[in-house]
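Down below is the structure, laid out as structure tokens.
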Amino acid sequence: MNRDRPDYLAHAILALGVFLFALPVWLVLAGSTQDSDAIARGEVSLIPDLSNLSSYPRVLTEGTMGTEPVWHMLLVSLGMALCIALGKIAISILSAYAVVFFRFPFRKIAFWSIFVTLMLPVEVRIIPTYSVMATFGLINTFTGLWVPLIASATATLLFRQVFVAIPDELVEAARMDGAGPLRFLKDIVIPVSGANIAALFVILFVYGWNQYLWPLLVATDPGLDTIVIGLVKMIGVETQTDWSAVMATAVLALLPPVAVVLLMQRWFVAGLTEGEK
Amino acid sequence: MERRTVFGGWLLPMLLVLPQLLLTGFFFYWPAGEAVWSSLTTQDAFGQGVVFVGLDNFADLLADPLYRQSALLTVGFCLAVAGLAMGLALALAVFADREIRGKSTYRTLLIWPYAIAPAMSAVLFLFILDPRVGLLGRWLNQHGIDWDYHLNGGQALTMVVLASAWKQVSYNFIFFLAGLQSIPRAVTEAARMDGAKGWHRFRTITFPLLAPTTFFLLVVNVVYAAFDTFGTINALTHGGPGKDTETLVLKVFRDGVVNQDIGSSSAQSVILMLGVIAITAVQFRFMGKKVTE
């Protein structure tokens, strides 16, 4: 086999894959710079008109077709994604730390009762969760958007795995130095888990940003519309859809999670494949 | 696996697990318990209170041809999405694992769609396949093919399968690539020395070695297709036309949230829960065996 010849087949297949992923996004990007009527007539050009970016400031400050301004929906999504990611990481670190580094009554029961929730995704408890939320007065509140989503079996399991691998010598050394459990957590355990925390942050940020069923269920107030909810509302408009505005909103909705994945790609890929298996 | 060295005391650790336990209690166990309870009751004729009806809701569901149709649709949908998303991802991963120029650029450009929301993939596919504004949808209609997923159930199903699978390819790609990279080069080199050609080598050496990854992904993809595609389907077709794309999760949502039939919707939730429990049990049985071997 001639090793110097480029592997044309591999390049062709990979380029095709890249193209299939990029095409819809490119189309939306190009469309966001064009006239809505032209798009409605199907006359969308694949070449963006960079002199016409007026849809962006318009949707950001005013929204379109009666929605909230897009900056507000982006803010709700950002708040929700950050609260979910940081909240899940915080309570999962605490519970995994307790389960791994202590022996206390009901430890096994506590661990298993967290573990079993793997089997109860939101989608299978739609109605009853709504009534529980109503009992707590969490319907149509920002708190209701994120607090119920931060309990996590997967994150707890991941941190447990990481903590179990911390060498005993480190714990003994810390105790010799007179460090208490909280000090040990802050000064040793959290720093050595940095890469795992970063990876989990990416996964959970994307998870939070992409929520759809949950906000649809617990928030009917347009002031709490996330960007994903707002976008789906826009495409549901039957007549006179302002396509250019919809496309600009789609681009703005895509940017933050894609940026997080790309910027933190190294940790994310390693963390994802280690954690799940 | 347990640690040898631990800290003393039990009050602190209990306080540390408390937030997680409270949240799971309130938002997992309570609703799950309520789902089980509501599934055994029904609204009385005047809508004033609830009556215990035992397993009637379940019997009604299983006898309902519409429910069975939705269940069948969901199974087909899951297999199509999983098959397509995994097949494409595996092909891409195999080539991305070769020693070629621009390897890491290709990887980045194949990984970023992980960030796309299921509902977002619906919006993107609209611009490709909508009969009026979609690039390809319009082209089809101009070339004598009647394409309108608002009216044609088969086309609607094709579209939600494509949109759902498209979004999941990069997740699978990441795992297949990691799986391929963990196969020792010596193994594939040895097969190459023995004269095994590309496809033959893949079929007899590489693919069997990828089995654990493939099985893991199959479970993840089926769960994804069954549950996470709610956003995709709801945004694109609302389960229509008719009920042609109404998977079980959409049906729970429609019967419970839209039609307020709490008893039936809860029974459907309980059936779905049993489904997830079964899948998880199978997964852990298999994974557990892998670990002890």
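Bear in mind that the values in this text are calculations on the coordinates, not laboratory data. These numbers were taken from a predicted model, which means no experiment stands behind them. Here Cβ is always computed from backbone atoms with ideal geometry, including for glycine, and neighbour counts include all displayed protein chains.
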Straight-line reach check, B:Lys197, cutoff 15 Å on alpha carbons, 8 or more apart in-chain or any other chain, hits among aspartates and glutamates -> B:Glu189
Under the 7 Å Cα-to-Cβ spin-label approximation, B:Arg201 and B:Ile100 lie apart by a distance in nanometres of 1.5 nm
Dividing the mean separation of Cα pairs under 8 Å (6+ apart) by the residue count of chain B yields a relative contact order in percent of 26 percent
Taking the alpha-carbon centre of each part, the distance from the stretch A:122-146 to the stretch A:165-239 in Å is 20 Å
Most exposed to least, judged by fewest other Cβ atoms within 10 Å, B:Val6, B:Val187 sort to B:Val187, B:Val6
Hits in the stretch B:109-151: amide N under 17 Å from the 7 Å Cα→Cβ extension of A:Ala259, namely B:112-113, B:115-117
So B:Gln142 and B:Val282, fully extended at 0.36 nm per residue minus their Cα-Cα distance, gain in nm 45.5 nm
Looking only at aspartates and glutamates whose Cα falls under 17 Å of A:Lys88's and that sit 8 or more positions away or on another chain, we get A:Glu276
Chain B, Gaussian network, Cα under 10 Å: of B:Leu209, B:Leu22, B:Leu135, the residue fluctuating most is B:Leu22
Per the protein assembly as shown, sqrt(5λ) over the Cα gyration tensor eigenvalues, sorted largest first, in Å, gives 37, 34, 25
Candidate cut points under chymotrypsin sites (Phe, Trp or Tyr not before Pro) in the stretch B:30-97, DSSP loop plus at most 12 other Cβ atoms within 10 Å of their own Cβ, are B:Phe46
Given unit charges at Cβ for Lys, Arg (+) and Asp, Glu (-), the dipole magnitude of the protein assembly as shown about its Cα centre in debye, nearest 20, is 1960 debye
GNM of chain B, Cα pairs under 10 angstrom: of B:Thr280, B:Thr24, B:Thr237, the biggest fluctuation goes to B:Thr24
When A:Arg266, B:Arg254 are arranged by how many other beta-carbons sit within 10 Å of their Cβ, fewest first, they go A:Arg266, B:Arg254
Helix A:227-236: inclination vs chain A longest Cα principal axis, degrees, rounded to 10, gives 30 degrees
Length gained, A:Arg41-A:Tyr8, 0.36 nm per residue minus C-alpha separation, equals 8.0 nm
Once Lys and Arg are counted +1 and Asp and Glu -1 for all other residues with Cβ under 14 Å from that of B:Arg107, the total becomes +2
The answer for chymotrypsin sites (Phe, Trp or Tyr not before Pro) in the stretch A:63-156 that fall in a DSSP coil and have at most 11 neighbouring Cβ atoms within 10 Å is none
Under the 7 Å Cα-to-Cβ spin-label approximation, A:Ile188 and B:Trp37 lie apart by a distance in nanometres of 4.6 nm
Per the 1/(1 + (r/R0)^6) rule, R0 = 45 Å and r from the Cβ atoms of B:Thr158 and A:Phe106, FRET efficiency to 0.05 is 0.30
For A:Glu43, A:Glu68, ascending order of other Cβ atoms within 10 Å (fewest first) is A:Glu43, A:Glu68
The simple spin-label model distance between B:Val258 and B:Arg185, using points 7 Å out along Cα→Cβ, in nm, is 5.6 nm
1/(1 + (r/R0)^6) with r = Cβ-Cβ of A:Gln161 and B:Leu11, R0 = 30 Å, i.e. FRET efficiency to nearest 0.05, evaluates to 0.70
Treating only Lys and Arg (+1) and Asp and Glu (-1) as charged, each at its beta carbon, one finds that the stretch B:56-292 has a dipole about its Cα centre, in Debye to the nearest 20, of 1180 debye
Stretched fully, the stretch from A:Asp177 through A:Thr61 gains (0.36 nm per residue minus C-alpha distance, one decimal, in nm) 36.1 nm
